[in-house]
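Below is one structure; the comments refer to it alone.
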Amino acid sequence: HRAQPELYNLLTQNTTLNLFLLERLFLKGIQSWGQELWFGVYQQDKLTSVSLVMGKSKPNNSARLIATYGTLEGCRLLGKYAAQHGGTVMIVGPRAESDSFVQGLGNPLLRLNHPQQLYSCVAPTQGPQIQIRAADKDDLEQLIVYSAEMMTEELNENPLDINPKRHRDIVQTRINNRRTWVGELRRGGAAEIGFVLDIGFVIPLGVQVGG
């Protein structure tokens, strides 16, 4: 991470939008995902655009995921470079930057194209609150199913059909590390999980959550 200060300064222009990239910068990536590479576009010796390429098994193989941020022209150039080095399975990030990156890739046919909404919470809100608790080992089987259903909805791929052991291990690890919290609903005196919150890695600038 030789360019860490430059990356940090660029990404913190919009910390909320770039929390995923900042998380990876702080934690130095997902080690189990193979090669991870940062690429940048410079204009007049200033870093203006960046892409994080994750999950490459070899330099010219497809990446598992690419995230990009910066000027639209810079993101387009990063997409063009990625197209010459294997492309990617998935792109995440701001809409405009991602669209420019796809343009650079050559506008390939997209299997899925989800517009997603990013919400930011900086303080507790007023109103009713749901009681939550850390998930425990008794919740494992139900959370394995819920997590798989969520991924199927988002990616049209059920991890239980692809690698059930790996999916189980991921859910188990989140529970062991207290990174999955649940809210329960009571019906007729019996409690059942009605809300799941997965917590990302905490860095000084914030944390990503999803549920």
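Between the helical axis of 164-176 and the longest alpha-carbon principal axis of the chain there is an angle of about 70 degrees. Per-residue SASA remark: ASP138, around 120 Å² accessible (1.4 Å probe; ligands, DNA and RNA not included).
Note down the relative contact order for the chain as a percent, whole number, built from C-alpha pairs under 8 angstrom at least six residues apart.
On the way: 310 pairs, mean separation 28.0, N = 211.
RCO, the chain: 13 percent.
Heavy-atom surface analysis with a 1.4 Å probe gives the chain a carbon and sulfur content of 53 percent of its accessible area.
Of all the options ILE162, ILE132, ILE175, the one that moves most in a Gaussian network model of the chain with Cα springs shorter than 10 angstrom is ILE162.
Each semi-axis of the equivalent ellipsoid for the stretch 150-211 is √(5λ) with λ an eigenvalue of the Cα gyration tensor; in descending order they amount to 21, 20, 12 Å. A 1.4 Å probe run over the protein chains yields, for the chain, 63 Å² of accessible area per residue, whole-number rounding.
Computed from phi, the 3J(HN,Hα) profile of the stretch 48-60 under the Karplus parametrisation 6.51, -1.76, 1.60 (θ = phi - 60°) reads 10, 8, 8, 9, 10, 9, 10, x, 8, 8, 9, x, 9 Hz, with x in place of Gly and Pro. Its convex hull of Cα atoms gives the stretch 4-89 a direction-averaged projected area, equal to a quarter of the hull surface, of 5.4 nm². Evaluated over the chain, the count of Lys pairs having alpha-carbon atoms less than 29 Å apart is 12 (only pairs 8 or more residues apart or interchain).
Scan the chain and hand back the longest stretch that contains none of the trypsin sites (Lys or Arg not before Pro) lying in DSSP loops with at most 14 other Cβ atoms within 10 Å.
Numbers: sites that count: ARG2, LYS28, ARG111, ARG178.
Value returned for the longest uninterrupted segment is 29-110.
About its Cα centre, the chain has a charge dipole of approximately 460 debye under the convention of +1 per Lys or Arg Cβ and -1 per Asp or Glu Cβ, with nothing else charged.
If you average over every viewing direction, what projected area does the convex hull of the Cα atoms of the chain give, in nm²?
On the way: hull surface 55.3 nm².
Projected over every direction and averaged, the Cα hull of the chain covers 13.8 nm².
Per residue of the chain, the DSSP helices (runs of n ≥ 4 H) give a summed -39500 (n - 2.57) that works out to -10500 deg cm²/dmol at 222 nm.
Tell me the Kirkwood hydrodynamic radius of the stretch 59-168 in angstroms, computed as one over the mean inverse distance between distinct C-alpha pairs. Walk me through the intermediate numbers first.
Numbers: mean 1/r = 0.0589 Å⁻¹.
Hydrodynamic radius (Kirkwood, Cα only) of the stretch 59-168 equals 17.0 Å.
For the stretch 44-62 versus the stretch 136-211, the inter-centroid distance based on Cα atoms is 30 Å.
The values are calculated or read from the model by the stated rules, or taken from the named source; none is laboratory data. This is a predicted model, so every value here is computed, not measured. FYI the Cβ positions are ideal-geometry reconstructions off the backbone, even for glycines, and counts take in every protein chain you see. Side chains are part of the model used for accessible areas, which takes the heavy atoms of the whole protein and leaves out ligands, DNA and RNA. Shrake-Rupley method; radii C 1.70, N 1.55, O 1.52, S 1.80 Å.
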